[in-house]
Amino acid sequence: MRITPAVRAIFGLELKTLVRDVRTLLMSVVLPVVLIPILLLGSIWVENRRVEREGARTYRYAIEGAESDFARALLAELQTSTQAADPDDAIMDAPDPDAADPDAADDAAQRFRAVEVDNGAEALEADSLDVFVEALSSSEWRALVEEDSTRARGMGDYHDTPVLRVHYRSNRTASSEASRRIMDKLDEILQRRRATTILEAGFSVSPEAVAVVESVNVASAEAVQGARLGRYLSLLLLGLMVLGGSVVATDTLAGEKERGTLATLLTSAASRTEIVTAKLMAIMAVALTIAVVQVVNLWLYLGLGLLDVSEGLSVAVTPVMAGGLLLLYLPAVALVSGILLLTSAYARSYKEAQLLLTPVLLGLVLPTMAPFLPDLSLRSAVILVPLANLSLAARDVLVGQPDWLAVAGAWLVTAGAAVWVTGRSVRALHDESVITGDTTREEFLGGAALWGKRVLPWFAVFWAVKVLLELNVPIEDMRLTALFHVGVVFTVFPLLVIRLFSLDPRQALALRMPHPMVWVGVVLGVPAALLTGTLVFHLANYVIPVPEQLLENFGQTLLPEGIPAWQLILLLSVVPGIAEELSFRGILLYGLRKRFGPVALALVVGLIFGFFHFQIFRIPATAFLGVILTAVTLMTGSIFPAIVWHTLNNALALYLGSQGIAAGVEGGMMGMGGVIALALALIIIWRHRTPYPEMGARREKARSQPRVGAGR
């Protein structure tokens, strides 16, 4: 960008306007200045309150079952041992205030209190209890194992000994903490009993002395605390950049188009490139100010120690580290500024710009959450993802173990993305309809032509709404979650689009019958695509490893116990198979059909389909399935094969999961077999194709028209 006198004049005018705008000052200066100390002070207050609350909390428990006397004896023994050994962990009823040990009396509030209830499960559900201990006899335990082996998975074999089951609710903090405490103490006393039994049997050495195991944390305290801060720093900084920069971006183009002042500026001697450059510099000035303020805040409060923060955030931020972080975030400043300017340019009004900024904010902030993913290293494919790579690099810098070569690569990748977005902004603002906000031919005609122009912004907003709904409307029952977040949301959205844009449902949703032989290809392709998709997942897992615990938790959430198989098939196969296809292979494909050729169209729709499944480990395999389903729809001109394929795919995956069969790839042969079978299925569909109508018509028309100045 060349800084000409016109650029300096427009930039100066923009800065004067920003200084006079109270909103800009609040978002770009005041909020960044006060946010860090507020967060630090808030963390101190929260930590102190947590300590006080834990110290004063009384956990309520009850004992039930045939072996209740055994459980009470254990707890009584536990009371005696813990009060004698560690008064801070006394967990039974309050000791005598006149006891000789004053510490035990002071910590008496931190205890368990027995509660008499008629039904422990009902009392726990009604929040009348924090935990209840079910004391089972060995015969009761064996009967329970025979009734439902999954409930006893990993519990071992018990013969003539009682079994204690501690029931709690993980969605309540007090209940989870009570369960953890009582389990730890029960394990401790049971180990003492086992040791006593072994010694009484004549074993000459205490079991604790047979093999001593000790764990040593070699990470320094600064590294641990830096890793904690590194998770949040980029998220906080990018969020503030977007919030502050959006105030400027929405007013500098969208607002000026709405007021009509941009047309006056276009008649001046300044070129459009100079106008865009000056406005981009104004947004960058705000974003850079926010970055500088935050880095200086870190140095002042954490480096100089102006606040006595909690141990979890006491990171030694030196001036060199602060300067390095600021340099690291410079490409992020440019990238965020370019995206905000481009968003404002395509908005026709101030309100529309504010609406579009919601998905932009989520889309920019989500990559900064990469440090929250365990075991994610900068030396992986994530280095090619702008903002996510800088977030990991900032975490490594704060930990004190940066891989400088990888950090430099991340910096260059994000800088390259910023240059591309900036150039795209300049080119877009040379479009007369974009810069002036005039009504285009599509907007005048309405209907399908207008939907083709608005499809991507609408799906961006739809994605943001979907994220916000899942974050703010949590539903514990998996069945209701599938019914609402998938069935209702993905059905209402396409119907709303069809009504608002006056689309023909038959055309927009591709409600046509394909050739009968297509179903042969679908039946063959479902297991082949599932196997090939698993291969794609494994290949992606080599690049960005996914922890096994994360996959197990996802599987348990997807296949909860006690739900009939027909409900799982209906809610996790049929409902997504219909509702999601109406949105993606229906109105999304219909809106984009004239923008891209067949290959690009399949890739774009498939990627959008993948990104609507928020778990990062699901995106590659889901996007692959989306590409296949889009290709099938393009070849058949019908949405019905995609619906059936999607439904059968989910049903087969559910069946394999319920049977404990992993749809894995045994060596390379299974994966290769899946690829060959999938190719054969697609060939069958191709040979009996009835192509999607009007696909790529706009591109072909543009190619057929002679270029201006051709033949000179």
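The values are calculated or read from the model by the stated rules, or taken from the named source; none is laboratory data. None of these values were measured; they are calculated from a predicted model. Cβ sites come from the backbone with ideal geometry, for glycine too, and all protein chains shown count toward neighbours. For the accessible areas, the whole protein counts, side chains as well, though only heavy atoms, and no ligand, DNA or RNA atoms are used. Shrake-Rupley method; radii C 1.70, N 1.55, O 1.52, S 1.80 Å.
Data overview
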| quantity | calculated |
| --- | --- |
| Single residue of the stretch 222-271 satisfying the filter (over 19 Å from the mean Cα position of the chain (by Cα) and among the β-branched types (Val, Ile, Thr)) that is surrounded by the fewest Cβ atoms within 10 Å (Cβ to Cβ) | Thr267 |
| Residues that are at pLDDT below 80 and crowded, with 18+ Cβ neighbours inside 10 Å, drawn from the stretch 315-344 | Val315, Val317 |
| Residue among Leu471, Leu445, Leu429, Leu456 that is at pLDDT below 80 and under 26 Å from Ile283 (Cα atoms) | Leu429 |
| Among (1) modelled with pLDDT under 80; (2) surrounded by 22 or more Cβ atoms within 10 Å (Cβ to Cβ) - the single one Ala394 does not satisfy | (1) |
| Listing of helices (runs of 4 or more DSSP H) fully contained in the stretch 1-119 that carry 2 or more residues being over 30 Å from Leu265 (Cα atoms), at pLDDT 75 or above and not polar (S, T, N, Q) | 31-56, 68-85 |
| Residues within the stretch 172-191 that are farther than 22 Å from Arg113 by Cβ and open to solvent by 90 Å² or more (accessible area, probe 1.4 Å), tallied | 1 |
| Complete set of residues in the stretch 589-601 that are within 22 Å of Trp686 (Cα to Cα) and either open to solvent by less than 10 Å² (accessible area, probe 1.4 Å) or touching a Pro at 6+ places or on another chain (Cβ under 9 Å) (or both) | Leu589, Leu592, Arg593, Pro598, Leu601 |
| The stretch 367-387, subset touching a residue at least 60 places away in the same chain (Cβ under 8 Å) and not in a loop (DSSP other than H, G, I, E, B), residue farthest from Met241 (Cα to Cα) | Ala381 |
| Residue list for the stretch 512-527, filter: open to solvent by 40 Å² or more (accessible area, probe 1.4 Å) and within 17 Å of Ile639 (Cβ to Cβ) | Arg512, Met513, His515, Pro516, Trp519 |
| Residue match in the stretch 489-508 (condition: over 32 Å from the mean Cα position of the chain (by Cα) and of a type in the set (A, V, I, L, M, F, W, C)) | yes |
| Flag for Leu539 being at pLDDT below 85 and over 25 Å from Glu470 (Cα atoms) | yes |
| Candidate set from the stretch 575-605 (those that are farther than 14 Å from Val632 by Cβ and of a type in the set (D, E, K, R)); member that is farthest from the chain's Cα centre (by Cα) | Lys594 |
| Inter-residue pairs, beta-carbon under 6 Å, first open to solvent by 60 Å² or more (accessible area, probe 1.4 Å) and in the stretch 48-68, second modelled with pLDDT of 70 or more, 6+ apart | Ala66/Ser137 |
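Residue-wise test of (1) farther than 15 Å from Val523 by Cα; (2) touching a residue at least 24 places away in the same chain (Cβ under 8 Å); (3) more than 23 Å from the chain's Cα centre (by Cα).
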site: Ala621; (1), (2), (3): yes, yes, no
site: Gly626; (1), (2), (3): yes, yes, no
site: Leu629; (1), (2), (3): no, yes, yes
site: Leu634; (1), (2), (3): yes, yes, yes
site: Ile639; (1), (2), (3): yes, yes, yes
site: Ala642; (1), (2), (3): no, yes, yes
site: Trp645; (1), (2), (3): no, yes, yes
site: Asn650; (1), (2), (3): no, yes, no
site: Gly657; (1), (2), (3): yes, yes, yes
